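These notes concern the structure reproduced below.
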Amino acid sequence: MVVLAAALIGPAHSSAAGPADGQPSTIRAKKCSWDWKRKKVVRWVWRDGVRKRIVRYRRVKVRICRTIPDPVPAPARLGVKAYEFGFTLSAKSLVAGDTIIELNNQGEDAHDLHVQRSGSDEELSTPETEPGTQSRIRFTTTPGNYRLWCSLPNHASWGMDTTFEAG
């Protein structure tokens, strides 16, 4: 009896294609609802030897389905806590793509944050952030290593310099 149950379950399970087989899933979420519509009904009848057209409207219940689009992924977030002459990152690596980096200045002095991809000349920065305030940068990361530093005089050499990986 156990062999029979395994034989019944086995082929149905193995023939199903999906992400586990390396193929993308084609099943998309659908939202369906029922709605009342008016349907025009035309009948031709003979009355007193004359053909007449009779038009009536009938209420019918129809099912309306729509495909729900895939949700847009939320941006990757990296929190950077700045204090006197150091940074603490919320993560050392994050997913490449849309990214938000938030500088939270917990120190006693103003700080800023510069971001640069290794091997690139393009540089992004936050404005100078006063103690107890926050500032954000939103940009698109590509896979690779990124350097973060404070550009105020001597801050980077005193320890406000770190890296993270996007991949």
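The values are calculated or read from the model by the stated rules, or taken from the named source; none is laboratory data. Everything quoted here is computed from the prediction, not taken from an experiment. FYI the Cβ positions are ideal-geometry reconstructions off the backbone, even for glycines, and counts take in every protein chain you see.
Residue pairs whose Cβ atoms lie under 7 Å apart, separated by 6 or more positions or on different chains, with the first residue in segment 128-139 and closer than 9 Å to residue 102 by Cα and the second part of a loop (DSSP other than H, G, I, E, B) and among the polar types (S, T, N, Q), are 135/126; 137/126. At least 3 residues that are under 23 Å from the mean Cα position of the chain (by Cα) in each: list the strands (runs of 3 or more DSSP E) lying fully within segment 101-167 that qualify. So the answer is 134-141, 144-149, 161-166.
Scanning segment 133-147 for residues that are assigned by TED's automatic domain parsing to the domain that holds residue 159, at positive phi, among the small types (Gly, Ala, Ser) and in contact with a strand residue (DSSP E or B) (Cβ under 7 Å, 6 or more places away or on another chain) turns up at least one hit. Listed conditions (1) in the same structural domain as residue 40 (by TED's automatic domain parsing); (2) assigned to a loop (DSSP other than H, G, I, E, B); (3) not hydrophobic (A, V, I, L, M, F, W, C) are all met by residue 58, apart from (2). Being out of contact with any Gly (no Cβ under 6 Å at 6 or more places or on another chain) and surrounded by 10 or more Cβ atoms within 10 Å (Cβ to Cβ) is the requirement here; does residue 102 meet it? Spelling it out, it is not the case that residue 102 is out of contact with any Gly (no Cβ under 6 Å at 6 or more places or on another chain) and surrounded by 10 or more Cβ atoms within 10 Å (Cβ to Cβ). When residues in segment 114-167 are screened for being more than 18 Å from residue 78 (Cβ to Cβ) and in contact with a Cys (Cβ under 7 Å, 6 or more places away or on another chain), 1 of them pass.
The set of residues from segment 76-98 being assigned to a loop (DSSP other than H, G, I, E, B) and either without any contact (Cβ under 8 Å) to a residue 60 or more places away in the chain or outside the structural domain of residue 152 (by TED's automatic domain parsing) (or both) comprises 84, 90. When we screen 72, 80 for residues that are at negative phi and loosely packed, with under 15 Cβ neighbours inside 10 Å, the only hit is 72. The set of residues in segment 52-68 that are of a type in the set (A, V, I, L, M, F, W, C), closer than 17 Å to residue 37 by Cα and either under 33 Å from the mean Cα position of the chain (by Cα) or surrounded by 10 or more Cβ atoms within 10 Å (Cβ to Cβ) (or both) comprises 60, 62, 64, 65.
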